[in-house]
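The values are calculated or read from the model by the stated rules, or taken from the named source; none is laboratory data. Keep in mind that what you see is a predicted model, and the values were worked out from it rather than measured. In this analysis, Cβ positions are derived from the backbone assuming ideal geometry, glycine residues included, and neighbour counts consider all displayed protein chains.
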């Protein structure tokens, strides 16, 4: 008989037997009638185990962090930018003619959930998306109530604009002018900073919503 080989086996068998005995004792103690204080202790054990599990998950997966701010979620990108228009059909015709965009299917929304979500009493609207690159532009037309026309200047708080990247500023500007687009002014070329050489120009859609075309510096 090889005593050197059998010794570790006997030790392993003994440890397994002791572990089974400890588990049986623990199960017996847990299942037997308990006093109020014992029940409280059991609740503490359960809560402690739950906390350990949550901590382990946090260590394994970890919350996203950005600039020292702890986050419990991540932002994967921009799904859409929404604009409210007076007449969706007119807007689609204009954006298709000017930029060649193809509108998506038109959907309808109404009811208490929508009213609460958009904070507009009696809201009844249609909405649709136009895909531009990897971002959608959502067009919304409120059938009820009828909203006010756009009247904000670019310097007003809350004013915004949508910027389209073009490959040739002068060609885009001339083509859009020929199609009837109304620009705020001719293209501007940036001369300073990291964006030097870029060009931009502002124009407005039929509802007066501010748009922009942009060209990066050519290599």
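Please verify whether residue 95 is more than 29 Å from residue 175 (Cα to Cα), at pLDDT 95 or above and buried (at least 16 other Cβ atoms within 10 Å of the Cβ), treating the condition exactly as stated.
no
Scan the range 106-122 and give yes if some residue there is over 30 Å from residue 76 (Cα atoms), in the same structural domain as residue 217 (by TED's automatic domain parsing) and either surrounded by fewer than 10 Cβ atoms within 10 Å (Cβ to Cβ) or under 22 Å from the mean Cα position of the chain (by Cα) (or both), otherwise no.
no
Sort out which residues of the range 89-119 are in contact with a helix residue (DSSP H, G or I) (Cβ under 7 Å, 6 or more places away or on another chain) and in a helix (DSSP H, G or I), and write them in order of number.
98
Select from the range 147-185 the residues that are touching a helix residue (DSSP H, G or I) at 6+ places or on another chain (Cβ under 7 Å), part of a loop (DSSP other than H, G, I, E, B) and surrounded by 12 or more Cβ atoms within 10 Å (Cβ to Cβ) and list them in ascending order.
166, 181
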